[in-house]
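Novice: Dropping the structure in here first, questions after.
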Amino acid sequence: MSEQIFQPNPKFAETARIKSMDDYYALVKKAEENYEGFWGDYAKEKITWKEPFTKVLNESNAPFYSWFEGGKLNVSEQCIDRHLDDKKNKVAIIFEGDNGDKEMITYLELHYRVNKFANLLKNEFGVKKGDRVVIYMPMIPEAAFAMLACARLGAIHSIVFGGFSAEALRDRIQDAQAKVVITADGAYRKGKPYMLKPVVDTALEGETPVEKVVVVQRNKEDITWVSGRDYSYNEMIDAQSSKCEAEVMDSEDPLFLLYTSGSTGAPKGVQHNSAGYILWAQMTMEWVFDVKPNDTYWCTADVGWITGHTYIVYGPLAMGATTVMFEGVPTYPDAGRCWKMVEEYKINQFYTAPTAIRVLHKMGEDEPSKYDISSLKVLGTVGEPIDPPAWKWYYEQVGSSKCAIVDTYWQTETGGHMISPLPGATPIKPACATFALPGIIAEVVDVDGTPKPIGEKGHLCITKPWPSMIRNVWGDKERYVKSYFGDVTKEGKAVYFTGDGAMIDEKGYITITGRMDDVINVSGHRMGSAEVEAALKKDSNVAEVAVVGKPHELKGESIFAYVTLKTALDETRFEDDVAMVKELNTIIKKEIGNIAVCDNIVFVPGLPKTRSGKIMRRILRSIAKGEEITQDISTLEDPSIVKQIEAIVNA
């Protein structure tokens with residue numbers, strides 16, 4: 001199926017913003033011929049400026065680029081105030097709690113509540129422009145209010161995902177030198193309350209820059225209150241004024257920090273600035289999801305990740321859309337939860353991760369057919385390449401073979417989508433990122449910038465700066481340059497290297513082949529782990545797989561595969577694991593050749609993943625080598641899986 005091409009739905013294309021590949025190529029040509037004019041025109045069209053910019057792009061201090069110099073704005077006003085004339089009674093946020101409680105928040109109500117939150121932070125806790133505020137929250141509306149309140153004041157928010165440990169939270173608080181922490185007593189997950197405030201208490205033990213903690217009481221559990229430090233949002237918010245003048249911000253003033261794990265385990269504070277970020281957030285919402293004025297859009301991510309920042313809060317609100325926030329998990333109380341919500345809210349765009357798609361497929365293959373989900377127009381996927389079987393189910397069973405699947409490639413550092421199909425224009429190749437968006441100059445090159453031939457893997461680079469790109473690693477300019485501009489040059493100039501490999505086919509389609517450091521060299525033959533994984537996934541028993549290299553005395557490296565099965569080994573079919581290993585290697589031989597046979601295949605109950613679904617292969621590589629795990633595992637979705645895997649490998 002991977003070579004089959006799926007054409008856009010003609011009926012959808014009629015009203016799409018980008019209706020055809022001719023439209024797409026016209027935009028690409030416009031950007032190529034006048035790059036600054038392309039971005040300048042969109043910035044004038046999409047942003048409501050307090051003061052106009054005087055220069056589109058300044059490259060004089062590369063790679064510390066600046067965009068729309070001289071321009072003044074406030075991102076909170078971009079997302080709320082400018083919609084009040086014609087959308088004040090439109091629903092901005094639909095919230096559904098884990099236990100089914102619902103809240104519909106109009107743009108006028110959002111304005112009211114964000115202003116109150118901003119006044120609480122400013123008047124009661126002294127938060128001002130440039131201060132850092134850490135947000136450690138569940139998926140409740142107050143998390144969005146907090147983000148937008150910080151933006152209104154010019155404070156820099158740093159959201160730490162609510163599943164992170166106290167140690168991970170402490171590291172991020174210390175690095176950002178945060179003045180205030182906004183949290184909740186807890187929230188609900190799978191029908192049961194869980195606690196957040198005790199994690200904050202542990203994180204703030206000892207010396208800390210934090211002066212105040214604001215606590216939203218969500219589940220009303222008993223918590224410890226530290227006098228003079230902890231304050232109840234619920235008790236204080238009603239007394240605040242609903243009028244708060246927005247701080248005038250420069251285009252390049254920081255909007256937020258978001259920490260990502262580095263290869264050394266030390267988190268990197270990715271810094272995104274105001275104008276360029278909010279511009280691209282809005283443009284990609286309009287282009288990639290083609291959200292229309294009366295549409296209801298749902299991204300299932302958490303605001304603790306960049307997907308939640310750009311495609312739950314900032315992007316949808318900047319364009320005046322209706323966005324869904326969901327507190328729960330997609331399989332509670334059953335695997336029909338998502339489709340029930342799609343039916344109830346008449347959701348038109350649905351954006352989730354391949355991990356979630358695989359789980360929904362496994363636990364409820366026939367569930368979509370039980371609900372009226374005919375409102376769906378666009379299906380999205382994010383976080384990792386989607387495998388063909390999951391793509392097929394998503395397209396046929398969820399999308400009724402009529403919805404485009406936009407398989408979006410981007411990173412925390414890019415701020416928004418880089419490579420993606422356009423639902424009304426792009427002929428889609430399953431499990432392929434397809435084409436760079438207009439204005440994004442993506443190339444597959446050698447380290448010296450030489451383009452790789454068709455079908456050959458190379459370094460995926462963005463060779464021109466773009467407005468929503470990372471501006472710095474917080475407090476560490478040297479790490480910024482080394483991490484993102486230290487590997488590849490073009491015409492003697494450092495360019496942004498994504499860290500990923502890719503290849504381009506004869507029609508220009510870009511396929512992501514995986515991290516460049518996930519290349520395994522077996523007897524001089526270089527193979528991407530993604531290629532081996534794709535072959536193993538063709539066995540109907542395999543649910544997920546991760547492949548890494550292991551040092552080998554003769555081959556240099558051998559291939560080590562971690563496999564999770566859909567069900568336990570069937571003893572009537574397999575006498576032991578050896579038979580299953582033989583079956584999988586038979587597929588490898590057929591799909592790739594003997595050189596790719598796995599010397600080690602171990603069956604594990606799960607894989608170490610971030611909450612966004614990214615498999616942490618460097619941890620698996622360390623286990624395969626018998627090395628001590630030095631990376632921070634507290635940020636994993638399930639840290640306990642590491643010990644389980646170690647026990648199996650070392651048994």
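Novice: How long is the gain from M195 to T48 if the chain were fully straight, where each residue apart is worth 0.36 nm and the alpha carbon distance is subtracted?
Specialist: Value of the extension gain: 48.9 nm.
Novice: For the range 1-63, run through the trypsin sites (Lys or Arg not before Pro) and keep only the ones in DSSP coil with at most 13 other Cβ atoms within 10 Å of their Cβ.
Specialist: Counting only loop positions with at most 13 other Cβ atoms within 10 Å, the trypsin sites (Lys or Arg not before Pro) in the range 1-63 are K50.
Novice: So, in Å, what gap is there between the alpha-carbon centers of the range 458-489 and the range 265-288?
Specialist: If we compute the Cα centre of each part, the gap is 14 Å.
Novice: Still on this structure, I have one more. Report the net charge of residues surrounding T489, where surrounding means a beta-carbon distance below 12 angstrom and charges are Lys +1, Arg +1, Asp -1, Glu -1.
Specialist: -2
Novice: Figure the gain on full extension for E36 and T567 (residue separation times 0.36 nm, minus the Cα-Cα span) and round it to one decimal in nm.
Specialist: Extra length available between E36 and T567 comes to 185.7 nm.
Novice: While we're here: Treating only the Cβ of Lys, Arg, Asp and Glu as charged (+1, +1, -1, -1), what charge dipole size does the range 523-650 show about its Cα centre? Round to the nearest 20 debye.
Specialist: Rounded to the nearest 20 debye, it is 480 debye.
Novice: Within a 10 angstrom radius of the beta carbon, how do T513, T450 rank from fewest other beta carbons to most?
Specialist: If I rank by nearby Cβ atoms, fewest first, I get T450, T513.
Novice: Of all DSSP beta bridges located in the range 108-247, what percent are antiparallel, nearest 5?
Specialist: Of the beta bridges lying entirely in the range 108-247, close to 20 percent run antiparallel.
Novice: What trypsin sites (Lys or Arg not before Pro) does the range 156-220 have in DSSP loop regions with at most 12 other beta carbons within 10 Å?
Specialist: Filter output for the range 156-220: K190, K220.
Novice: Next question, about the same structure. Can you pull out the GluC sites (Glu not before Pro) in the range 344-445 whose DSSP state is coil and whose Cβ has at most 16 other Cβ atoms within 10 Å?
Specialist: Filter output for the range 344-445: E365.
Novice: Using the Cα centre of the chain as the reference point, and only Cβ charges (+1 on K/R, -1 on D/E), how large is the resulting charge dipole? Debye, rounded to the nearest 20.
Specialist: 700
Novice: While we're looking at this one, here's another question. Please list, or write none, the aspartates and glutamates whose alpha carbon is within less than 15 Å of the alpha carbon of K493, excluding same-chain residues fewer than 8 places away.
Specialist: Hits, sequence-local ones excluded: E59, E443, D446, D448.
Novice: Identify all lysines with a Cα-Cα distance to K197 below 16 Å; exclude those on the same chain that are fewer than 8 residues away in sequence.
Specialist: Candidates past the 8-residue exclusion: K212, K220.
Novice: Give the residue from S158, L121, I105 lying farthest towards the positive end of the charge dipole for the range 83-171; charges sit on Cβ (+1 for Lys and Arg, -1 for Asp and Glu) and the dipole is referred to the Cα centre.
Specialist: Among S158, L121, I105, the one farthest towards the positive end of the dipole of the range 83-171 is L121.
Novice: So for the range 408-466, Kirkwood radius off the Cα pairs, Stokes-Einstein at 25 °C and 0.890 mPa s: how many µm² s⁻¹?
Specialist: Answer from the Stokes-Einstein relation: 196 µm²/s.
Novice: List every DSSP H helix in the chain whose Cα atoms extend 24 Å or more along the helix's own long axis and whose mean Kyte-Doolittle hydropathy is at least -0.5.
Specialist: none
Novice: So how strong a dipole does the range 108-247 carry about its Cα centre when Lys and Arg Cβ are +1 and Asp and Glu Cβ are -1, to the nearest 20 debye?
Specialist: 380
Novice: Using +1 at the C-beta of Lys and Arg and -1 at the C-beta of Asp and Glu, which of T202, G508, Y332 has the Cα lying farthest in the positive direction of the dipole of the chain?
Specialist: Sorting the options by dipole projection puts first G508.
Novice: Quick check on my link table: of K11/K609; K88/K190; K555/K590; K190/K550, which ones sit more than 29 Å apart, alpha carbon to alpha carbon?
Specialist: Long pairs (Cα-Cα over 29 Å): K11/K609; K88/K190; K190/K550.
Novice: For the range 184-315, I need the span (max minus min coordinate) of the C-alpha atoms along each principal axis, in Å, sorted largest to smallest.
Specialist: Largest to smallest, the principal-axis extents are 48, 41, 38 Å.
Novice: For K179, give me every one of the aspartates and glutamates with a C-alpha distance below 12 angstrom, ignoring sequence neighbours fewer than eight places off in its own chain.
Specialist: Counting by Cα, and skipping residues close in sequence, K179 has these aspartates and glutamates nearby: D131, E211.
Novice: Could you compute the net charge surrounding G320? Neighbours are other residues with a C-beta less than 15 Å from the C-beta of G320; K and R count +1, D and E count -1.
Specialist: Net charge around G320: -2.
Quick note: the coordinates plus some simple rules give every number you see, no bench work behind them. What you see is a predicted model, and the numbers here were worked out from it, not measured in a lab. Ideal geometry is used to build each Cβ from the backbone, glycine not excepted, and the neighbour counts take in all protein chains shown.
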